[in-house]
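The values are calculated or read from the model by the stated rules, or taken from the named source; none is laboratory data. Bear in mind the structure is a predicted one, so any value in this text is a computation, not a measurement. Cβ sites come from the backbone with ideal geometry, for glycine too, and all protein chains shown count toward neighbours. Each accessible area value is taken on the protein alone, full model and side chains, heavy atoms only, with ligands, DNA and RNA left out. Shrake-Rupley method; radii C 1.70, N 1.55, O 1.52, S 1.80 Å.
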Amino acid sequence: MAVEMRLPVARKLLSESVGRDTKKHLVVPGDTITTDTGFMRGHGTYMGEEKLIASVAGSVERVNKLICVKALKTRYNGEVGDIVVGRITEVQQKRWKVETNSRLDSVLLLSSMNLPGGELRRRSAEDELAMRGFLQEGDLISAEVQAVFSDGAVSLHTRSLKYGKLGQGVLVQVSPSLVKRQKTHFHDLPCGASVILGNNGFIWIYPTPEHKEEDAGGFTANLEPVSLADREVISRLRNCIVSLVTQRMMLYDTSILYCYEASLPHQIKDLLKPEIMEEVVMETRQRLLEQEG
């Protein structure tokens, strides 16, 4: 049996590996952000002794006269229009409870989803009895945030054919603060796999389907065996995302694709070694800096 032994290495300062453009004003709870009383306080701040003080650890963001602190590691705070990936935890009367990495369980109403086949009609008692046939506990779904309640709970909808039950793939959970907001969060990568970058920090990697299911209404999960080549691509993408998260890099289609290309000289399992992680992410960061000019 082959045994790999690793020797301890000196810990590197983060500032050595972070580019110039990523330097931010970082604060911890209790730090004074400003003593100027002309600013308005936003999320993650409070007023004390005529000073604006941070209540969470994170980076300071300023929009005109509004100052807020974006936490580096936090639960998901829903916003209308966000794309999320979640797991059904409970089937209730006319609704499903969904785990979306937020402080409270999200809600998917029976009236907020397409019926199988895309029928447009009022939901009947028969539909209510068949709810567990549509979605049951443990199912993964992709959805869009329809509304955010006053207590922070999120209401979801799956009224488009691109949302619905997810089939075979790999779920990676990261901090929501590392997922970059974009116009679209569904990406078909040229390497042969697709990703759904949920704003809630749940990332779904799956083999790119050969043809889109137009008549299924988002309820039929493809359970055909996945080929070895597709499984290797998905595993490599998963390890690339873990590497980017370890080095605190933002996740979006370009950064994931560049990291995938930089990882090709290495074996999939070697991507979890700290020194290879650092090498691959450093190359990715350089390509992104060159692209930005």
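Those residues that are open to solvent by 60 Å² or more (accessible area, probe 1.4 Å) and either in contact with a Leu (Cβ under 8 Å, 6 or more places away or on another chain) or closer than 21 Å to residue 206 by Cβ (or both), I need them from segment 117-127; list them, please.
Once the filter is applied, which keeps residues that are open to solvent by 60 Å² or more (accessible area, probe 1.4 Å) and either in contact with a Leu (Cβ under 8 Å, 6 or more places away or on another chain) or closer than 21 Å to residue 206 by Cβ (or both), segment 117-127 yields 121, 123.
Only residues that are more than 14 Å from residue 81 (Cα to Cα), part of a loop (DSSP other than H, G, I, E, B) and open to solvent by less than 60 Å² (accessible area, probe 1.4 Å): list them for segment 160-192, please.
166, 167, 169, 174, 175, 189, 191, 192
Could you list, in sequence order, the residues of segment 132-159 that are surrounded by fewer than 18 Cβ atoms within 10 Å (Cβ to Cβ) and either among the aliphatic types (A, V, I, L, M) or without any contact (Cβ under 8 Å) to a residue 24 or more places away in the chain (or both)?
Scanning segment 132-159 gives 133, 147, 148, 149, 150, 153.
It is to be established whether one or more residues within segment 71-85 are surrounded by fewer than 18 Cβ atoms within 10 Å (Cβ to Cβ), more than 16 Å from the chain's Cα centre (by Cα) and not charged (D, E, K, R).
No, that holds for no residue.
Filtering segment 35-63 down to residues that are surrounded by 15 or more Cβ atoms within 10 Å (Cβ to Cβ) and among the polar types (S, T, N, Q), which residue is modelled with the lowest pLDDT?
59
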